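Colleague: Structure incoming, see below.
The values are calculated or read from the model by the stated rules, or taken from the named source; none is laboratory data. Nothing here was measured: the structure is a model prediction, and the numbers come from that model. Don't worry about glycine lacking a Cβ; one is built from the backbone with ideal geometry, like all the others, and counts go over all protein chains shown. Side chains included, ligands, DNA and RNA excluded: accessible areas come from the protein's heavy atoms. Shrake-Rupley method; radii C 1.70, N 1.55, O 1.52, S 1.80 Å.
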Amino acid sequence: MYNKTILIKDTNINAEDRTKNYYSLVLNSLREFNLHNEVQVVRAADIGVYNHGVVIKILPDVIYQEVKETDIPRIVEATVKADKVLDDLVLKKEPKQQRIVLRNCGKIDPESLEEYLAAGGYQALKKVIFEMNPEKVLEEMKKSGLRGRGGAGYPTWMKWKFTRAVPADQKFVICNADEGDPGAYMDRSVLEGDPHSVLEGLMISAYTIGASKGYFYIRAEYPLAVERVKIALAQAYDAGLLGKNILGSEFSFDIDIRLGAGAFVCGEETALIASIEGKRGTPRPRPPYPSVKGLWNKPTAINNVETLANISPIIVRGGDWFASIGTATSKGTKVFAVTGKVKNSGLVEVPMGITIREIVFDICGGTISGKALKAIQTGGPSGGVIPAEFLDTPVDYENLQKLGSIMGSGGMIVMDEDDCLVDIAKFYLGFCVEESCGKCAPCRIGGYQMLQILNRITEGKGKLEDLAQLKRISFAMQKASLCGLGQTAANPVISTTRYFDYEYKEHILEKKCRSGKCSHLANYTIIQERCKKCGMCQKNCPAGAIPGSREEGYLIKQEKCVKCGQCFEVCKFKAIKKE
Amino acid sequence: MKKITREDLDKIAAKPVSPAVNYIRVGMSTCGIAAGADEVLATLIEEAKKRNIRIDIKKCGCVGMCFAEPLVEVAVEGLPPVIYGKVNKEIAAKIMEKHVAGKILVNEYIFDLKVKE
Ligand SMILES: Cc1cc2nc3c(=O)[nH]c(=O)nc-3n(C[C@H](O)[C@H](O)[C@H](O)COP(=O)(O)O)c2cc1C
Ligand code: SF4
Ligand code: SF4
């Protein structure tokens with residue numbers, strides 16, 4: 001049996017893959033040192049390092065980068081044989097990810113209470129009930145500096161403190177699992193991978209503010225998350241962790257699940273409360289805040305899934321420990337769902353203060369196309385874009401806001417040269433227009449007007465005055481909308497005009513979309529050498545702009561073409577050129 | 001289930017669970033299932049039965065490497081625990097045959113993830 005393992009991977013993506021070659025060389029070298037029966041060599045699919053040449057990892061933790069063929073014998077002789085590390089090759093790589101929220105995700109069976117308990121589950125609950133009191137919990141939470149992960153970043157301890165301070169015969173806690181941002185699925189993953197951790201956080205929040213009843217508000221589009229929360233609740237009741245006299249103490253607490261019908265605005269706290277009360281899910285003006293008048297007019301603390309998943313570790317390891325991670329104003333970690341034109345899309349959990357570059361390039365491997373990164377988008381429809389020149393900005397609430405975006409709930413979309421920023425702004429604005437509840441005019445009418453303008457611009461019918469008009473409407477929406485949806489809906493437009501003004505102007509003045517995304521601004525021609533004369537383009541052209549026949553071939557009449565891009569989409573032989 | 005008491009929790013806290021060896025975990029969250037984790041899990045169970053291998057095959061949530069789903073973590077005695085990604089039925093069978101039974105890691109499917117706890 002082998003007693004050592006070596007992983008190999010060529011991490012340069014844009015060149016020929018040398019993994020197999022190096023694999024044979026290492027095998028040969030091992031044979032020369034007569035180690036081939038003790039050491040196994042494995043070609044990895046992904047070695048967790050990118051663009052560092054051939055990487056050789058001797059498990060458990062020696063990583064060599066930019067390995068040359070001539071280095072192999074000395075690696076085998078020094079490190080494999082004698083456990084000596086070669087300083088000139090070693091890649092000193094502290095893991096960039098740090099897991100607090102996702103501590104159990106992928107490690108325990110989410111449907112097993114025993115596994116959660118074995119991983120340290122419900123120790124925090126025990127601690128708050130028997131060794132702390134609500135004041136002590138608040139103190140610890142204050143020390144931790146935890147801020148809400150649902151978007152606004154409000155200090156959790158303050159929210160709890162206010163809710164606790166209001167005298168009432170009944171109080172409520174709510175877990176907001178409505179997660180509606182397009183591209184974001186952090187909360188879903190936590191609920192699916194470690195539901196008890198969120199449950200425990202909600203129980204501790206209830207204990208602290210003095211609530212006797214809690215709700216999970218989960219969007220109905222998340223059936224597996226709902227299922228796993230249901231199982232967790234049943235297990236907790238069975239084990240005496242929920243219900244009357246929890247763990248034999250005075251503390252009693254019940255939890256129910258409510259399903260959201262999938263309207264984005266129902267994630268807003270006052271709309272969410274209305275929805276649980278069985279009313280139409282529309283926002284109402286604040287104040288009064290839910291901490292004073294929430295569900296059924298009782299003091300209510302609403303927290304996001306990720307916020308709640310942070311609670312138990314803070315209680316167990318202490319607020320000071322948590323506050324030692326992150327930046328001056330933003331403590332702990334943040335989970336991001338990194339998607340778009342990125343090599344390794346998925347969830348990453350990183351300490352606050354990490355740079356965007358580290359997230360996108362060191363953890364996620366850069367762009368999938370290998371093309372230059374143009375910008376990233378954070379904060380979903382309430383956020384904005386951050387162009388490539390700010391990649392080295394440390395991520396925290398304040399820094400992202402300064403750049404005109406927001407932390408938001410954790411969506412991060414990577415865009416490369418093939419993405420059009422006007423198109424991106426149009427996408428997010430379109431989402432908000434679709435999701436606006438219509439209760440107030442600035443959002444309902446302003447959003448629609450802005451979308452009309454963006455449509456015109458992407459169709460090559462924009463005017464320069466449109467840019468000023470976009471600004472005016474944005475301002476009105478920010479100032480006069482009733483809820484966060486309308487107040488922030490213009491953000492993607494504001495931030496793209498701030499950084500990519502020249503692209504808007506290109507669309508307007510030159511009728512040109514440099515990324516080729518805006519189909520109305522492209523010119524379509526048939527590349528005759530590639531054309532197989534199938535006639536698909538002609539069949540699909542709504543303008544009758546493609547005369548010709550299967551015998552003679554086809555041609556696009558530019559003066560008739562309405563630039564819908566249909567022919568480009570349907571041609572199986574990539575014989576339509578779009579430029 | 002019997003009620004958990006404060007003392008039970010004390011006991012668990014006092015005795016840290018030793019890291020288990022001999023298990024397989026399949027990522028069964030939405031991202032995993034969408035990529036075919038159901039089938040992978042079924043294949044692993046079937047292959048284990050066929051070869052008379054006794055190993056704990058369990059499900060787990062998503063570790064975050066959604067691009068490489070379905071993910072399968074394998075920990076057997078004598079080998080470092082590894083995560084395989086983009087696993088399909090064939091690779092699942094190979095994992096059982098080579099890795100679990102033969103104690104040799106499978107080429108081209110290991111995704112090495114390192115995080116700080
Ligand atoms: C339009 C809109 C949608 C929202 N959607 C969500 C959501 O899906 N999940 C969430 O946790 N918070 C959402 N929020 C924020 C909530 O109103 C609230 O601030 C949050 O749940 C508080 O929890 P936290 O302090 O733990 O972040 C949304 C806000 C607005 C304005
Ligand atoms: S801002 Fe938009 S979503 Fe919010 S209340 Fe007004 S119309 Fe409804
Ligand atoms: S772009 Fe549309 S209108 Fe123009 S030739 Fe192609 S299918 Fe016809």
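Colleague: Please tell me if B:V17 is open to solvent by less than 30 Å² (accessible area, probe 1.4 Å) and at pLDDT below 95.
Modeller: So B:V17 does not fit the description; no.
Colleague: In the range A:508-558, which residues are within 13 Å of ligand 3 (Cβ to nearest atom), closer than 28 Å to A:E465 by Cβ and free of Cβ contacts under 8 Å to residues at least 60 places away in the same chain?
Modeller: A:S519, A:A522, A:N523
Colleague: Can you pull out every residue in the range A:227-237 that is in contact (Cβ under 8 Å) with a residue 12 or more places away in the chain, farther than 13 Å from A:Y122 by Cβ and open to solvent by 10 Å² or more (accessible area, probe 1.4 Å)?
Modeller: Those that are in contact (Cβ under 8 Å) with a residue 12 or more places away in the chain, farther than 13 Å from A:Y122 by Cβ and open to solvent by 10 Å² or more (accessible area, probe 1.4 Å): A:K230, A:I231, A:L233.
Colleague: Also, I was wondering about something else. If I filter the range A:114-147 down to residues being under 29 Å from the mean Cα position of the chain (by Cα) and charged (D, E, K, R), which single residue comes out as farthest from B:R6 (Cα to Cα)?
Modeller: Among them, the one singled out is A:R147.
Colleague: Which residues, counting only those in the range A:410-460, are within 16 Å of ligand 3 (Cβ to nearest atom) and either within 14 Å of chain B (Cβ to nearest Cβ) or small (G, A, S) (or both)?
Modeller: A:G460
Colleague: What number goes with the only condition from (1) open to solvent by less than 40 Å² (accessible area, probe 1.4 Å); (2) within 13 Å of another protein chain (Cβ to nearest Cβ); (3) more than 23 Å from A:N3 (Cβ to Cβ) that B:K86 does not pass?
Modeller: Checking B:K86 against (1) open to solvent by less than 40 Å² (accessible area, probe 1.4 Å); (2) within 13 Å of another protein chain (Cβ to nearest Cβ); (3) more than 23 Å from A:N3 (Cβ to Cβ), the one that fails is (1).
Colleague: A:Y448 passes all but one of (1) within 16 Å of ligand 1 (Cβ to nearest atom); (2) assigned to a helix (DSSP H, G or I); (3) open to solvent by 30 Å² or more (accessible area, probe 1.4 Å); which number fails?
Modeller: Unmet for A:Y448, out of (1) within 16 Å of ligand 1 (Cβ to nearest atom); (2) assigned to a helix (DSSP H, G or I); (3) open to solvent by 30 Å² or more (accessible area, probe 1.4 Å): (1).
Colleague: Next question, about the same structure. Would you mind finding the one in A:G484, A:G404, A:G411 that is open to solvent by less than 20 Å² (accessible area, probe 1.4 Å) and not assigned by TED's automatic domain parsing to the domain that holds A:R147?
Modeller: Matching residue, one of A:G484, A:G404, A:G411: A:G411.
Colleague: Could you tell me whether the range A:252-262 includes any residue that is within 25 Å of A:R188 (Cβ to Cβ), in the same structural domain as A:G180 (by TED's automatic domain parsing), open to solvent by less than 30 Å² (accessible area, probe 1.4 Å) and within 26 Å of the chain's Cα centre (by Cα)?
Modeller: Within the range A:252-262, one or more residues are within 25 Å of A:R188 (Cβ to Cβ), in the same structural domain as A:G180 (by TED's automatic domain parsing), open to solvent by less than 30 Å² (accessible area, probe 1.4 Å) and within 26 Å of the chain's Cα centre (by Cα).
Colleague: Using the structure shown, decide if A:G370 is open to solvent by less than 40 Å² (accessible area, probe 1.4 Å), under 17 Å from the mean Cα position of the chain (by Cα) and closer than 29 Å to A:A15 by Cβ.
Modeller: No, not satisfied.
Colleague: Which number in (1) surrounded by fewer than 22 Cβ atoms within 10 Å (Cβ to Cβ); (2) under 23 Å from A:K439 (Cα atoms); (3) at pLDDT below 95 marks the one condition that A:K471 misses?
Modeller: (3)
Colleague: Here is a further query. Taking the residues in the range A:104-117 that are in contact with a strand residue (DSSP E or B) (Cβ under 9 Å, 6 or more places away or on another chain) and facing another protein chain (nearest Cβ under 7 Å) as candidates, determine which candidate is surrounded by the most Cβ atoms within 10 Å (Cβ to Cβ).
Modeller: It comes out as A:P110.
Colleague: Follow-up question, since we're still on this one. For the range A:52-68, what are the residues that are more than 13 Å from chain B (Cβ to nearest Cβ) and of a type outside the set (G, A, S)?
Modeller: A:H52, A:V54, A:Y64, A:Q65, A:E66, A:V67, A:K68
Colleague: Do you know which residues across the range A:559-575 are within 7 Å of ligand 3 (Cβ to nearest atom) and either within 15 Å of A:E529 (Cα to Cα) or part of a helix (DSSP H, G or I) (or both)?
Modeller: Scanning the range A:559-575 gives A:Q566, A:C567, A:F568.
Colleague: Condition first: within 18 Å of B:K3 (Cα to Cα), open to solvent by 60 Å² or more (accessible area, probe 1.4 Å) and either assigned to a helix (DSSP H, G or I) or away from every other protein chain (no Cβ under 14 Å) (or both). Can you find one or more residues in the range A:239-247 that meet it?
Modeller: Within the range A:239-247, none of the residues are within 18 Å of B:K3 (Cα to Cα), open to solvent by 60 Å² or more (accessible area, probe 1.4 Å) and either assigned to a helix (DSSP H, G or I) or away from every other protein chain (no Cβ under 14 Å) (or both).
Colleague: Separate question: Condition first: among the basic types (K, R) and more than 14 Å from chain B (Cβ to nearest Cβ). Now tell me which residues in the range A:170-214 satisfy that.
Modeller: Passing the criteria: A:K171, A:K213.
Colleague: Here are the criteria: (1) closer than 24 Å to A:D181 by Cβ; (2) more than 16 Å from ligand 3 (Cβ to nearest atom). Tell me which single one A:Q469 does not satisfy.
Modeller: (1)
Colleague: Looking for whichever is over 12 Å from the mean Cα position of the chain (by Cα) and more than 10 Å from chain A (Cβ to nearest Cβ) here; the options are B:I104, B:I55, B:I91. Which one fits?
Modeller: Result: B:I91 is the single residue among B:I104, B:I55, B:I91 that is over 12 Å from the mean Cα position of the chain (by Cα) and more than 10 Å from chain A (Cβ to nearest Cβ).
Colleague: Also, I was wondering about something else. Tell me, which helices (runs of 4 or more DSSP H) wholly within the range A:255-367 include 2 or more residues that are within 16 Å of ligand 2 (Cβ to nearest atom)?
Modeller: Filter on the range A:255-367 gives A:269-276.
Colleague: So, one more: From (1) of a type in the set (A, V, I, L, M, F, W, C); (2) part of a loop (DSSP other than H, G, I, E, B); (3) under 21 Å from the mean Cα position of the chain (by Cα), pick out the condition that doesn't hold for A:C437.
Modeller: (3)
Colleague: Among A:I314, A:I273, A:I325, which is the only one that is within 12 Å of ligand 1 (Cβ to nearest atom) and either within 14 Å of chain B (Cβ to nearest Cβ) or of a type in the set (V, I, T) (or both)?
Modeller: One residue alone meets the criteria, A:I273.
Colleague: Right, next: Within the range A:118-125, can one find any residue that is in contact with a Gly (Cβ under 6 Å, 6 or more places away or on another chain), within 23 Å of B:G64 (Cβ to Cβ) and either modelled with pLDDT of 95 or more or open to solvent by 10 Å² or more (accessible area, probe 1.4 Å) (or both)?
Modeller: no
Colleague: What tally of residues in the range A:161-212 results from selecting those that are open to solvent by 20 Å² or more (accessible area, probe 1.4 Å) and more than 16 Å from A:P223 (Cα to Cα)?
Modeller: Counting residues in the range A:161-212 that are open to solvent by 20 Å² or more (accessible area, probe 1.4 Å) and more than 16 Å from A:P223 (Cα to Cα) gives 15.
Colleague: Considering the range A:49-64 alone, what residues qualify as being touching a residue at least 40 places away in the same chain (Cβ under 8 Å) and outside any strand (DSSP E or B)?
Modeller: Answer for the range A:49-64, where residues must be touching a residue at least 40 places away in the same chain (Cβ under 8 Å) and outside any strand (DSSP E or B): A:V49, A:Y50, A:N51, A:H52, A:G53, A:L59.
Colleague: OK, next. Looking at the range A:451-499 only, could you name the residues that are among the small types (G, A, S) and away from ligand 1 (no atom under 16 Å from the Cβ)?
Modeller: Scanning the range A:451-499 gives A:G460, A:G462, A:A468, A:S474, A:A476, A:S495.
Colleague: Consider A:R164 carefully, then state whether it is within 14 Å of another protein chain (Cβ to nearest Cβ), among the basic types (K, R) and part of a helix (DSSP H, G or I).
Modeller: no
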